[in-house]
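S.K.: Sharing a structure with you now.
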Amino acid sequence: MAIDKRIFELFRLFEPEAEDNEIGIYLEGIQADRARVLDVLLFAKQEKAKNITIKSIYSYIVYGLKNNIGVGMAAKENKAKTKVAQAAMNRQAQQLNKQIKQWFEIDFVYVYNQHLIEVGASADNEQKNAYVSQIQQLISDTPSLKFMYYNPDQTLKADELRRGLGAVLTTQRGETMESLFVEWVQKVKGIKIELVEGVWRQVSEPLF
């Protein structure tokens with residue numbers, strides 16, 4: 001038990017040679033609540049730091065339990081440790097979110113664009129012709145957009161059209177940039193992630 005481990009650690013501040021079984025037998029003998037024993041030991045540690053002599057930790061524990069010494073110190077220490085652990089977890093989560101955002105905004109942008117181009121390129125001629133007709137109608141309505149889809153020599157910008165058509169087709173499939181990114185991270189980085197309220201986080205693997 002974690003609480004017993006902490007008791008043994010503090011006990012040895014006063015009895016460095018004490019064995020685990022010796023301490024265990026002592027604790028069984030006094031039949032006291034482990035948390036209260038820890039309270040007393042934490043108080044004794046404070047006293048020791050003030051250079052106050054404790055001749056026998058065995059007797060001091062019995063005295064401390066009887067006189068309610070250090071009540072609540074174990075709970076307070078545990079709360080402080082939990083707070084520190086939570087802060088560390090939060091920092092790790094923030095760092096991971098930052099790393100994943102860099103992957104998304106830098107590494108994956110090229111991958112995503114290439115994916116759209118490949119999807120557009122693999123479309124059949126009917127889909128391509130229909131898309132070009134849509135673009136031509138768009139240009140007819142807004143001539144200033146022509147530069148986006150035509151080169152100066154009036155030839156079509158093939159990759160731009162493929163990318164655009166690819167975006168349409170992936171949307172029709174129910175795919176998004178985020179969902180494709182999640183798949184890419186699992187494949188390339190080896191971790192499962194999810195986006196929750198704008199924050200990227202790693203998904204814990206099931207125990208079984």
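Read the figures in this text as sums done on the coordinates, not as results from a lab. On a predicted model such as this, the values are computed, not experimentally measured, just so you know. Cβ coordinates were reconstructed from backbone atoms using ideal geometry, including for glycine residues, and neighbour counts include every protein chain displayed.
S.K.: If you take the residues in the range 70-127 that are in contact (Cβ under 8 Å) with a residue 24 or more places away in the chain and not in a helix (DSSP H, G or I), which one is surrounded by the most Cβ atoms within 10 Å (Cβ to Cβ)? Show your work before the answer.
M.R.: So in the range 70-127, the residues in contact (Cβ under 8 Å) with a residue 24 or more places away in the chain come out as 70-75, 77, 93, 96-97, 100-101, 103-104, 108, 111-113, 115-121, 123, 127.
Now drop any that are not not in a helix (DSSP H, G or I), which leaves 70-72, 123.
Values: G70: 22, V71: 14, G72: 13, A123: 17.
Restricting to residues being in contact (Cβ under 8 Å) with a residue 24 or more places away in the chain and not in a helix (DSSP H, G or I), the top hit is G70.
S.K.: For the subset of the range 47-69 comprising residues that are part of a helix (DSSP H, G or I) and touching a residue at least 12 places away in the same chain (Cβ under 8 Å), which member is surrounded by the most Cβ atoms within 10 Å (Cβ to Cβ)? Even if it seems obvious, please write down each step before you answer.
M.R.: If we filter the range 47-69 for residues that are part of a helix (DSSP H, G or I), which is where we start, we get 47-49, 57-66.
Still in the list and also touching a residue at least 12 places away in the same chain (Cβ under 8 Å): 48, 57-58, 60-62, 64-65.
Working: K48: 15, I57: 22, Y58: 16, Y60: 18, I61: 25, V62: 17, G64: 22, L65: 17.
So the residue we want is I61.
S.K.: K157 versus (1) surrounded by 14 or more Cβ atoms within 10 Å (Cβ to Cβ); (2) of a type in the set (K, R); (3) within 30 Å of E194 (Cα to Cα): which is the lone unmet condition?
M.R.: In the conditions (1) surrounded by 14 or more Cβ atoms within 10 Å (Cβ to Cβ); (2) of a type in the set (K, R); (3) within 30 Å of E194 (Cα to Cα), K157 misses (3) alone.
S.K.: Would you call A167 more than 29 Å from Q99 (Cα to Cα) and surrounded by 14 or more Cβ atoms within 10 Å (Cβ to Cβ)?
M.R.: Details: more than 29 Å from Q99 (Cα to Cα): no; surrounded by 14 or more Cβ atoms within 10 Å (Cβ to Cβ): yes.
No; evaluated as a whole, the condition is false for this residue.
S.K.: If you go through the range 21-46 one residue at a time, how many are in a helix (DSSP H, G or I) and touching a helix residue (DSSP H, G or I) at 6+ places or on another chain (Cβ under 9 Å)? Break it down stepwise before answering.
M.R.: Within the range 21-46, the first condition is being in a helix (DSSP H, G or I), and the residues that meet it are 21-30, 34-46.
Then keep just the ones that are touching a helix residue (DSSP H, G or I) at 6+ places or on another chain (Cβ under 9 Å); that gives 23-24, 26-27, 30, 34-46.
Final tally of qualifying residues: 18.
S.K.: On to the next question. Output the residues belonging to the range 88-125 that are touching a strand residue (DSSP E or B) at 6+ places or on another chain (Cβ under 8 Å) and of a type in the set (S, T, N, Q). Let's see the steps before the verdict.
M.R.: To start, the set of residues in the range 88-125 that are touching a strand residue (DSSP E or B) at 6+ places or on another chain (Cβ under 8 Å) comprises 93, 96-97, 100-101, 104.
Residue satisfying the conditions is N97 alone.
This table checks each residue for (1) among the hydrophobic types (A, V, I, L, M, F, W, C); (2) more than 15 Å from Q102 (Cα to Cα).
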position	(1), (2)
L145	yes, yes
M148	yes, yes
T171	no, yes
V185	yes, no
